[in-house]
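Trainee: Please see the structure below; I have some questions.
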Amino acid sequence: VVDGLDVELDSAGEIVVSGSRVARYLGAPPGPIRTGDLGHLTGDGELVLDGRINDMILVRARNIYPQHHEHWCRELPGVTDGALVGIRNRYGDEELWIVVELDPPDTPLQEVVDAISSHDHLAELPLSGVVARQLPYTGRSKKLDRIELSRRVEAALQMGSALPLHHA
């Protein structure tokens, strides 16, 4: 808590700051500043930075911010890490895929699918399917490499090792 600084999350999970301690360009009007960062609050009220808003995925005219949902992936049985990625389909739209790291590695993907369908936060997403792959992280920053992740999902689709989900 910092005196003179208010931090809120908007409905998409973007961090918005306001208050007397917020710096502005000369002549800029007072008011809240949209940071472009996504976050979530833990049960203890701690703010956790999830990533940048520009990693948005557009699925059937719906904006999905993957970082806002990815921490839920680790709650799935047999999943140690997970990420969401948008893959362009032949119609120019994106499909939302979940990529999971499994432990044990032979955990059946159908068990993950069943867990997703009953998960309060993940079941609401328009997921196209699940792929079991190691997540690629970059250098010292350990930032998720979403371009490489997309390549891995596309390779899994070509090899037939992705498990599609069917939504009504």
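Trainee: What nm value, rounded to one decimal, do you get for the distance between R60 and S117 when each label is placed 7 Å out toward the C-beta?
Mentor: Calculated label separation equals 1.7 nm.
Trainee: For the Cα atoms of the chain, what angle does the longest principal axis make with the long axis of helix 146-159, in degrees from 0 to 90, nearest 10?
Mentor: Tilt relative to the chain: about 20 degrees.
Trainee: I want to check the label-to-label distance for E124 and I147. Put each point 7 Å from Cα in the C-beta direction and report it in nm to one decimal.
Mentor: Between E124 and I147, the label points sit 3.3 nm apart.
Trainee: Evaluate the relative contact order of the stretch 1-42 (contact order divided by residue number), counting alpha-carbon pairs under 8 angstrom at least 6 apart; express in whole percent.
Mentor: 39 percent
Trainee: For the stretch 114-159, which trypsin sites (Lys or Arg not before Pro) are both in a DSSP coil and crowded by at most 10 other Cβ atoms within 10 Å? Spell out each step's value before the answer.
Mentor: Numbers: sites: R133, R140, K142, K143, R146, R151, R152; in loops: R133, R140, K142.
In loop regions of the stretch 114-159 (DSSP not H, G, I, E or B), the sparsely surrounded trypsin sites (Lys or Arg not before Pro) are R140, K142.
Trainee: Continuing with this model, one more query. Can you tell me, using C-alpha contacts under 8 Å and at least 6 residues apart, the relative contact order of the chain as a whole percent? Walk me through the numbers on the way to the answer.
Mentor: On the way: 277 pairs, mean separation 22.9, N = 168.
Dividing the mean separation by the residue count of the chain yields 14 percent.
Trainee: Would you pull out the residues with amide H under 5 Å of D6's amide H, same chain only if 5 or more places away, H placed 1.01 Å from N?
Mentor: The answer is S18, G19.
Trainee: Taking a ≥ b ≥ c as the square roots of the Cα gyration tensor eigenvalues, with a/c under 1.5 meaning rounded and otherwise prolate when a/b beats b/c, else oblate, which class fits the stretch 46-160?
Mentor: rounded
Trainee: Stretched out fully, how many nm does the piece from D106 to D6 gain, at 0.36 nm a residue minus the Cα gap? The partial results should precede the final answer.
Mentor: On the way: separation 100, 0.36 × 100 = 36.00 nm, distance 4.62 nm.
Separation in residues times 0.36 nm, less the Cα-Cα distance, equals 31.4 nm.
Trainee: Going through the stretch 63-110, which trypsin sites (Lys or Arg not before Pro) have at most 15 other Cβ atoms within 10 Å and a DSSP loop state?
Mentor: Passing both the DSSP loop test and the Cβ count: R74, R90.
Trainee: Between T35 and E154, what FRET efficiency follows from the Cβ-Cβ distance if R0 is 22 Å, with the result rounded to 0.05?
Mentor: 0.10
Trainee: DSSP loop GluC sites (Glu not before Pro) in the stretch 102-162 with at most 12 other Cβ atoms within 10 Å of their Cβ, which ones? Write out the running numbers ahead of the final one.
Mentor: Working: sites: E111, E124, E148, E154; in loops: E124.
Counting only loop positions with at most 12 other Cβ atoms within 10 Å, the GluC sites (Glu not before Pro) in the stretch 102-162 are E124.
Trainee: Under 5 Å between amide H atoms, partner at least 5 residues away or on a different chain: which partners does D81 have, H built in plane at 1.01 Å?
Mentor: Residues meeting the amide H criterion: E101.
Trainee: R0 = 35 Å: FRET efficiency of Y137 with L26, Cβ-based, nearest 0.05? Display every interim value, and only then the final one.
Mentor: Values: r = 39 Å, r/R0 = 1.12.
The calculated FRET efficiency here is 0.35.
Trainee: Heads up, I need the accessible area for I33: 1.4 angstrom probe, whole protein in place, Å², nearest 10.
Mentor: Per-residue accessible area (I33): approximately 60 Å².
The values are calculated or read from the model by the stated rules, or taken from the named source; none is laboratory data. A quick note: this is a predicted structure, and the numbers were derived from the prediction, not measured. Using ideal geometry, Cβ is built from the backbone for each residue, glycine included, and neighbour counts are taken over all protein chains shown. These accessible areas exclude ligands, DNA and RNA; they are computed on the full protein's heavy atoms, side chains included. Shrake-Rupley method; radii C 1.70, N 1.55, O 1.52, S 1.80 Å.
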